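Reading through the structure tokens given below for one structure.
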Amino acid sequence: MTPARGDHDARRRDVSEAVWRVLAARGFGGLTLRAVAAEMGATTGLLTHYFPNKRALVAHALEVLDRRAAERPRPAAERAAPAGGLAMVRALLLDVLPLDAAGAADNRIWVGSWDAALADGELAADHAGRYRRSRERLTEFVAQAQRAGELPAGRGPEEVAAALQAFVLGLVVQALFAPDEFPAERQIALLDGALAGIAAD
């Protein structure tokens with residue numbers, strides 16, 4: 001008998017949670033059908049009903065990461081939302097940085113996903129799309145800040161947003177590899193310095 005749709009959806013949610021726990025504990029290098037099955041207390045046969053191979057599992061793991069990233073609290077952005085403009089630009093970038101243990105854990109998993117994505121053209125395109133959508137959102141607030149005179153209008157907002165995104169992603173990597181050299185206070189100061197430099201152009 002075919003399982004009811006509700007049962008199928010519930011089982012897929014269980015799988016997604018198990019995938020997340022394996023990623024959090026072992027990273028993408030440890031993400032296997034066997035590891036997820038063990039985390040669920042299930043058989044690999046059950047998992048192959050949902051994921052016929054490792055690539056399908058990795059693709060799902062990236063979807064889980066994307067969804068969790070979209071749903072996680074964005075305290076800086078929530079506080080800055082009424083002000084918009086430059087305050088929102090700063091807040092969106094702050095919410096990317098590994099400023100606490102949870103942010104560091106999420107970013108470790110994201111950085112770990114790059115290797116899997118770069119090895120597969122379709123997964124790489126999906127990742128590029130995620131970063132592009134993030135950049136497009138940032139561009140909206142850069143343009144708003146330029147219209148308000150908070151940032152100079154000499155450079156296109158798309159270029160400013162791309163530069164800021166590249167800066168923050170580079171800072172994420174440095175903070176993950178050398179957390180003692182890049183504590184939260186220094187990360188924030190470096191970001192504020194970059195924003196001040198752009199504002200002074």
Could you grab the relative contact order for the stretch 81-172? Cα pairs under 8 Å, six or more apart, rounded to a whole percent.
40
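Per DSSP helix of 4 or more residues, -39500 (n - 2.57); summed, then divided by the residues of the chain. What does that give at 222 nm, rounded to the nearest 500?
-25000 deg cm²/dmol
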C-alpha long axis of helix 121-147 to longest principal axis of the chain, angle in °
30
Residues of the chain: accessible area per residue at 1.4 Å, in Å²?
54
In whole Hz, what ³J(HN,Hα) sequence does the stretch 179-186 give by Karplus (6.51, -1.76, 1.60; θ = phi - 60°), x for Gly and Pro?
x, 5, 7, 10, x, 3, 4, 6
For the stretch 22-69 the mean separation of alpha carbon contacts under 8 Å (6+ apart) over residue count, i.e. relative contact order in percent, is 28
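Can you work out the FRET efficiency for the pair residue 38 and residue 68, with r the C-beta to C-beta distance and R0 = 25 Å, to the nearest 0.05? Working shown, then result.
Details: r = 21 Å, r/R0 = 0.85.
Plugging the Cβ-Cβ distance into 1/(1 + (r/R0)^6) gives 0.70.
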Angle between the chain longest axis and helix 101-118 axis [Cα atoms, degrees, rounded to 10]:
70
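Residue 194: net charge of surrounding residues, Cβ under 12 Å, Lys/Arg +1, Asp/Glu -1, itself excluded? Walk me through the intermediate numbers first.
On the way: positive: 90; negative: 192, 201.
Surrounding charge for residue 194 is -1.
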Give the carbon-plus-sulfur fraction of the accessible surface of the chain in %, rounded to a whole number; probe 1.4 Å, heavy atoms of protein chains only.
54
Selection of chymotrypsin sites (Phe, Trp or Tyr not before Pro), the stretch 32-125, meeting DSSP coil and at most 10 other Cβ within 10 Å:
none
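If contacts are Cα pairs under 8 angstrom and at least 6 residues apart, what is the relative contact order of the stretch 140-201 in percent? Display every interim value, and only then the final one.
Numbers: 27 pairs, mean separation 23.0, N = 62.
Once divided by the residue count of the stretch 140-201, the mean separation gives 37 percent.
The values are calculated or read from the model by the stated rules, or taken from the named source; none is laboratory data. All values reported here derive from a predicted model rather than from experimental measurement. Glycine also receives a Cβ, built like all others from the backbone with ideal geometry; neighbour counts cover every protein chain displayed. For accessibility, only protein heavy atoms count, side chains too; no ligands or nucleic acids. Shrake-Rupley method; radii C 1.70, N 1.55, O 1.52, S 1.80 Å.
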